[in-house]
Amino acid sequence: MNGALSDPLTSRVVLSGAYAFESLEHLPAVRSNIAKLSAILKSNDFWGVSDGNCISVLQPENPAAILDAVYDAAQECTGTLIFYYSGHGLTSSLNDELSLAVPRTNPDRPHTSVRFDDVRSALLSARGALRKIAILDCCFSGRAMKGNMASAEELAGRSAIDGTYLLTASAENKTALAPPGEEFTAFTGELIRIIEQGVPGPEFLDLDTIYRHLLDRLTSKGRPVPQQRNRNGGSRIALVKNARYAKPSATVLNFDFLDYVEGAAHKLVDTPELRESIHAIHLSYMERMRKVSALASVDKGSRQECLSVLDEIRAAPDLSGLETVEVLKCMVEIDPIRKVECVRELEGIVGGDNGTSVVKGAACNALRKIGHPEAAARGYRRILDDVRTPSYVLAGMACQFAEELPECKPEVVEFLWRIARNEIMAPSRRIEALRSIAKISPDNSNEASELVRSILKEFPKKPV
């Protein structure tokens, strides 16, 4: 049975890979893989995850760039966490460890690549994530050179992660991984086609359905057999909407009956079981907050009890930044009298030195939703002005600022132009600013494109 689609607001995606290397053969299709998957996952037609929640780490400077992105996503994720890598996969003849290549990887120096064990640790650090998915589209060129090829099943076994779903391409050489003349790699190309074309049947495509269609298509073309491993029902995780889902035909609604159903549903929600569940400390904080909101909405008499539970969660020593923001939003929803107190704390999150840019962005979003757009705007300005804000976060945060507060759109565009025209800034930061300008203000697209070209001409030997 297909489950419900994960909430894109609480989910996080890290798409990583490299297409140009100093010591390995280039894989130009990787760039297309990541660009297309990013567009698909961000599209409301398939999922609708926001720019800030879907990070592309393409041509990373070093292994830490990938790991930092995964740890940041893991810290904030309370929904589904997805990690995707496309590029060269290497294994050592000494210990059979799988590692993922970055542009400067030297096959003879393992420390120059990303150990998958370290990626696994980063994924497992996502304490609040309900689901974890890892997708690896990589070859074994380093292993092949040493004459000791690992099998697809061995890779899947070594890469297993508790409580997650692992899908591997298990391509055995560069030809199978990236067929000449094709836009995408063999594995990711079929994955993209399955998502875009859909399959007959369910409303959502779960990972088991996707895997079965991948297996059929790739084996029929004589390409490497994909592998999958899942635990705790991971195969039933819904990844995207099914493009071929046939919606039921419209019917005439009986509004009296709907009112009756709504009333009955409220009675069912307000049960001793629900009241008991808000005190169930074995549940995640996000799950308890959802139950608190549900109970408070149907039983005004329970609001004080609900607030007590929220105070308990708020005081928890292991509460993440994103969970802190959510508990403050929930408090204001249940008891508007506490709004001043919660606004003050949200402003403290935005202005503080602790917390990631994503947490601060969530706090700005919360301030806007509870009726403080001026405070939200001040917060977004601080994030954009902070030189510590990573380039890949800057772009998404600028778009979020302009979308949530349209009256500030000219200000955001002007700020991004200052970054783009500052020759002292890193090329990647300038280009991300220009891409955001084109997205926020299409009228500036031509000028932004011209400046991108000039920046790239200045750095011909180093992909940005």
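The values are calculated or read from the model by the stated rules, or taken from the named source; none is laboratory data. Treat the numbers as computed from the prediction; the structure is a model and nothing was measured. Neighbour counts run over all protein chains shown; Cβ positions are idealised from the backbone, glycine included. All accessible areas refer to the heavy atoms of the entire protein, side chains included, with ligands and DNA or RNA removed. Shrake-Rupley method; radii C 1.70, N 1.55, O 1.52, S 1.80 Å.
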The residue that is modelled with the highest pLDDT, considering only those in the range 222-257 that are out of contact with any helix residue (DSSP H, G or I) (no Cβ under 8 Å at 6 or more places or on another chain), of a type in the set (Lys, Arg) and assigned to a loop (DSSP other than H, G, I, E, B), is Lys247
Somewhere in the range 109-117, is a residue of a type outside the set (Phe, Trp, Tyr) and touching a residue at least 60 places away in the same chain (Cβ under 8 Å)? no
Among the residues listed as Lys339, Lys329, the single one being open to solvent by 20 Å² or more (accessible area, probe 1.4 Å) and more than 18 Å from Ile278 (Cβ to Cβ): Lys339
Taking only the range 81-128 into account, find how many residues are at pLDDT below 90, touching an Asp or Glu at 6+ places or on another chain (Cβ under 9 Å) and charged (D, E, K, R). 4
Any idea which of (1) in contact with a helix residue (DSSP H, G or I) (Cβ under 9 Å, 6 or more places away or on another chain); (2) modelled with pLDDT of 80 or more; (3) among the polar types (S, T, N, Q) is the one Gln197 doesn't satisfy? (1)
If I go through the range 195-212 residue by residue, how many of them are open to solvent by 60 Å² or more (accessible area, probe 1.4 Å) and within 21 Å of Ile82 (Cβ to Cβ)? 4
With the checklist (1) surrounded by 14 or more Cβ atoms within 10 Å (Cβ to Cβ); (2) modelled with pLDDT under 65 in hand, flag the one item Leu191 doesn't pass. (2)
Do we find that Tyr392 is modelled with pLDDT under 90 and either among the aromatic types (Phe, Trp, Tyr) or part of a loop (DSSP other than H, G, I, E, B) (or both) in this structure? yes
Can you find even one residue in the range 70-88 that is out of contact with any helix residue (DSSP H, G or I) (no Cβ under 7 Å at 6 or more places or on another chain), without any contact (Cβ under 8 Å) to a residue 60 or more places away in the chain and open to solvent by less than 20 Å² (accessible area, probe 1.4 Å)? no
Only one of Leu9, Leu24 that is out of contact with any strand residue (DSSP E or B) (no Cβ under 9 Å at 6 or more places or on another chain) and part of a loop (DSSP other than H, G, I, E, B): Leu9
Test result for Glu404, farther than 22 Å from Val387 by Cα, open to solvent by less than 50 Å² (accessible area, probe 1.4 Å), touching a helix residue (DSSP H, G or I) at 6+ places or on another chain (Cβ under 7 Å) and not polar (S, T, N, Q): yes
Scope the range 407-461; condition aliphatic (A, V, I, L, M) and either touching a Leu at 6+ places or on another chain (Cβ under 7 Å) or surrounded by fewer than 16 Cβ atoms within 10 Å (Cβ to Cβ) (or both); matching residues: Ala420, Ile424, Ala426, Ala433, Leu434, Ile437, Ala448, Leu451, Val452, Leu456
Where Ile383 falls short, out of the listed (1) among the hydrophobic types (A, V, I, L, M, F, W, C); (2) at pLDDT below 85; (3) surrounded by 18 or more Cβ atoms within 10 Å (Cβ to Cβ): (2)
Residues in the range 45-56: is at least one closer than 25 Å to Glu432 by Cβ, aliphatic (A, V, I, L, M) and assigned to a helix (DSSP H, G or I)? no
Identity of the residue in the range 400-430, assigned to a helix (DSSP H, G or I) and modelled with pLDDT under 85, that ends up farthest from Val358 (Cα to Cα): Pro427
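Residue-by-condition table, conditions (1) within 29 Å of Cys342 (Cβ to Cβ); (2) modelled with pLDDT of 85 or more; (3) surrounded by 11 or more Cβ atoms within 10 Å (Cβ to Cβ):
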{"site": "Ser277", "(1), (2), (3)": "yes, no, yes"}
{"site": "Ser284", "(1), (2), (3)": "yes, no, yes"}
{"site": "Cys306", "(1), (2), (3)": "yes, yes, yes"}
{"site": "Ala315", "(1), (2), (3)": "yes, yes, no"}
Is it true that some residue in the range 306-314 is in contact with a Lys or Arg (Cβ under 9 Å, 6 or more places away or on another chain) and not in a helix (DSSP H, G or I)? no
Consider Val292 against the criteria (1) over 22 Å from Phe401 (Cα atoms); (2) open to solvent by 20 Å² or more (accessible area, probe 1.4 Å); (3) in a helix (DSSP H, G or I): it satisfies all of them except one. Which criterion is unmet? (2)
